[in-house]
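The values are calculated or read from the model by the stated rules, or taken from the named source; none is laboratory data. Keep in mind the model is a prediction, meaning the values are calculated, not measured. Note: ideal-geometry Cβ built from the backbone for every residue, glycine included; neighbour counts use all protein chains shown. Remember, those area values only see protein heavy atoms, side chains included, never the ligands or the DNA or RNA. Shrake-Rupley method; radii C 1.70, N 1.55, O 1.52, S 1.80 Å.
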Amino acid sequence: MALDPPLCLRGDWQMAIDDWLLDQSLLKGGQAVLRLYTWSEPTLSLGHHQHSLAPAWRTAERQGRLALVRRPSGGGAVLHAGSLTYALVWPDPPRQRQQAYALISAWLVEAFATLGLTLCAGQDGATAPAASCFATSTVADLVGADGRKRVGSAQLWRRRQLLQHGSVLLDPPAGLWQELFGSDPPVTSASQRPATDALNDQLQRAAIAGLGGGSLECEPLRPAEWAAIDRRRHRFRLSSGTAGGQQDHPSPLSAIPRATWASARPRG
């Protein structure tokens, strides 16, 4: 099975795509979708209900070293740099959020185990989201053997359908992380950093096998569909995106690599 590399775009595009995919699932129903992607510039995404911006975040944004976006999902702030993001659209998830988190975590754990890394659920109690998503680790998150958080996840429920976002730390920039959050990033050892291509491959394979079996679809979207996504971007944009190196517009022929399941519900 040939797997395409993750789609790399600015944050407002990525959030608009995920929001659009969730609405497409609401309209058409019956199909779960997994998407893996990266960000074309260092970006801080805030949870949907997170409204306080630390002075250091605004300073970095004004200086053109950081873009700011708002996620449709909840949780705390996530720095997207040296990381891989997943988005799962689940048409008919379990009603209990913790059960949904557990089923999704299972294939993440399997993928990391294939790469020689052991992960397990976090142990912190559920509280109000911290300013930084990676400051705490609840059962919704995954930590390594050293107890450091490696995968942070958050959810959006819309008419009983689920969009779950997750950020997988690979090689976060230590200096920028320290500046924004006042602490060192959780991942510091080179031995804890699987290559992006290898992780992308294993995540997709493990998800397809563990969430119900299915296929990988990478067909380009029609121009009208890209236009519909483009019209959503303003909902998530908190800055103009001036961190440098950004890809402002996808090619009209850009595909969205995504695994899809024809069954209405990935198995647990």
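Per-structure values
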read-out: Flag if R158 is at pLDDT 80 or above, charged (D, E, K, R) and open to solvent by less than 20 Å² (accessible area, probe 1.4 Å); value: no
read-out: Close pairs (7 angstrom Cβ cut-off, 6 or more residues apart or separate chains): within 14 Å of A131 (Cα to Cα) in segment 53-65, open to solvent by 50 Å² or more (accessible area, probe 1.4 Å) anywhere; value: A54/A131; A56/E179
read-out: Breaking point among (1) in contact with a Lys or Arg (Cβ under 6 Å, 6 or more places away or on another chain); (2) within 28 Å of R160 (Cβ to Cβ); (3) at pLDDT 85 or above; (4) open to solvent by 10 Å² or more (accessible area, probe 1.4 Å), for G74; value: (1)
read-out: Residue ID - surrounded by the fewest Cβ atoms within 10 Å (Cβ to Cβ), chosen from residues in segment 79-131 that are among the small types (G, A, S), modelled with pLDDT under 85 and within 25 Å of L26 (Cβ to Cβ); value: A102
read-out: Within segment 232-251, considering residues that are in a loop (DSSP other than H, G, I, E, B) and either surrounded by fewer than 11 Cβ atoms within 10 Å (Cβ to Cβ) or among the acidic types (D, E) (or both), the one modelled with the lowest pLDDT; value: G245
read-out: Selection count where residues are at pLDDT 90 or above and open to solvent by 30 Å² or more (accessible area, probe 1.4 Å), scope segment 1-16; value: 1
read-out: Scan of segment 38-68 for residues that are open to solvent by less than 10 Å² (accessible area, probe 1.4 Å) and more than 13 Å from the chain's Cα centre (by Cα), ordered by number; value: E41, W57, A60, L66, A67, L68
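Let's see how each residue does on (1) in contact with a Gly (Cβ under 7 Å, 6 or more places away or on another chain); (2) modelled with pLDDT under 90; (3) of a type in the set (K, R):
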site: D18; (1), (2), (3): no, no, no
site: L22; (1), (2), (3): no, no, no
site: K28; (1), (2), (3): no, yes, yes
site: S40; (1), (2), (3): yes, no, no
site: T43; (1), (2), (3): yes, no, no
site: L46; (1), (2), (3): no, no, no
site: L53; (1), (2), (3): no, no, no
site: E61; (1), (2), (3): no, no, no
